[in-house]
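To start, the structure under review is shown below, and the notes come after it.
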Amino acid sequence: MRLINIGFGNMVNAGRLIAMVAPDSAPIKRIVQEAKDKGVLIDATYGRKTKAVLIMDSDHVILSALQPESVAGRLEGAQPSKEEEDE
């Protein structure tokens, strides 16, 4: 299990991440609202502006104050190396 830091010490399982998108478009805003209504929204922004929306395979939606590019860079660093995969 690989964990990605999504800001402020919050971590998500990299293997369960489906998509990472910017929160600006109407369809993404609708997804966030529906997740809030269903009770599966996790706000990890600590009161700051939402800059990335992470969609998990468990239907949870996570809000992050980091740019999607920043989280993606951390995801690239969290990929298992060839040696770790062989173990």
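Overview of results
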| read-out | value |
| --- | --- |
| Residue that is modelled with the lowest pLDDT, among those in region 1-12 that are of a type outside the set (V, I, T) and closer than 10 Å to L75 by Cα | R2 |
| Search result, residues across region 35-48 that are open to solvent by less than 100 Å² (accessible area, probe 1.4 Å) and farther than 23 Å from L75 by Cα | A35, G39, G47 |
| First in region 20-33 and closer than 15 Å to K49 by Cβ, second anywhere and basic (K, R) and open to solvent by less than 70 Å² (accessible area, probe 1.4 Å), Cβ under 8 Å, 6 or more apart | none |
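The values are calculated or read from the model by the stated rules, or taken from the named source; none is laboratory data. Everything numeric in this text was worked out from a predicted model, so none of it was measured. As a convention, Cβ positions derive from the backbone with ideal geometry for all residues, glycine included, and neighbour counts pool all protein chains shown. For accessibility, only protein heavy atoms count, side chains too; no ligands or nucleic acids. Shrake-Rupley method; radii C 1.70, N 1.55, O 1.52, S 1.80 Å.
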